[in-house]
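K.L.:
What follows is a single structure, and I will ask about it in a moment.
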Amino acid sequence: MPIKSIRAWLGVDTPAEQDLAPLRETLEALNHLEPDRARYLGAFAYLLGRVAHADQHVSPDETLVMERLVEEHGGIARDQAMVVVQLAKANNQLFGGTANFLVAREFGDLATYEQRVALMRCLFAIAATDESISTAEEGEIHRIAGELRIDRQDLVALRVAYGRHLPGVSRG
């Protein structure tokens, strides 16, 4: 870690006000979302992060896909989506096991059934980013589907759509 960063962390050096401006603008823009919308986006990103982190590693490609999905489904700017995804990834690593059910329940309360199915589609997309869905990722998707009360036929349809990426399926 560079000396300047350590000094700033210790509070000896403080970054110039202009260094923080882009982040501050992005955070202020997120603060302008209505509370339910912000909670919806936060839960959406957190659940994406659950699947991405199921194998104990979130790849740069998975992060990019998460950002794109949050941007598209959230109707927010790219820089806002980046912040939401980074916060979700950090929260997932810090609070994963204890917060998982609570966040899923919150999302389920905020989302329509169609939005919950759309999230499930996104979860499969995240898991298939590297062209292969691991057993851990598939297991996490199924746990989330149960927590969100996704109908079996909808889950089966998504599994069929992503079948070539599922564990144990020949890719030849």
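K.L.:
Name every residue in the range 130-168 that is buried (at least 21 other Cβ atoms within 10 Å of the Cβ) and more than 22 Å from Ala99 (Cβ to Cβ), in order of residue number.
P.N.:
Residues satisfying the conditions are Ile133, His165.
K.L.:
Do you know which of the residues in the range 88-120 that are under 20 Å from Leu64 (Cα atoms) and buried (at least 17 other Cβ atoms within 10 Å of the Cβ) is farthest from the chain's Cα centre (by Cα)?
P.N.:
Met120
K.L.:
Looking only at the range 58-81, filter to residues that are surrounded by fewer than 18 Cβ atoms within 10 Å (Cβ to Cβ) and of a type in the set (A, V, I, L, M); which one of those is farthest from the chain's Cα centre (by Cα)?
P.N.:
Looking at residues that are surrounded by fewer than 18 Cβ atoms within 10 Å (Cβ to Cβ) and of a type in the set (A, V, I, L, M), I get Ala77.
K.L.:
Yes or no: Ala136 modelled with pLDDT under 95 and in a helix (DSSP H, G or I)?
P.N.:
Numbers: modelled with pLDDT under 95: yes; in a helix (DSSP H, G or I): yes.
For Ala136, the condition - modelled with pLDDT under 95 and in a helix (DSSP H, G or I) - is met.
The values are calculated or read from the model by the stated rules, or taken from the named source; none is laboratory data. Predicted model only: the values in this text are computed from it and were never measured. Cβ coordinates were reconstructed from backbone atoms using ideal geometry, including for glycine residues, and neighbour counts include every protein chain displayed.
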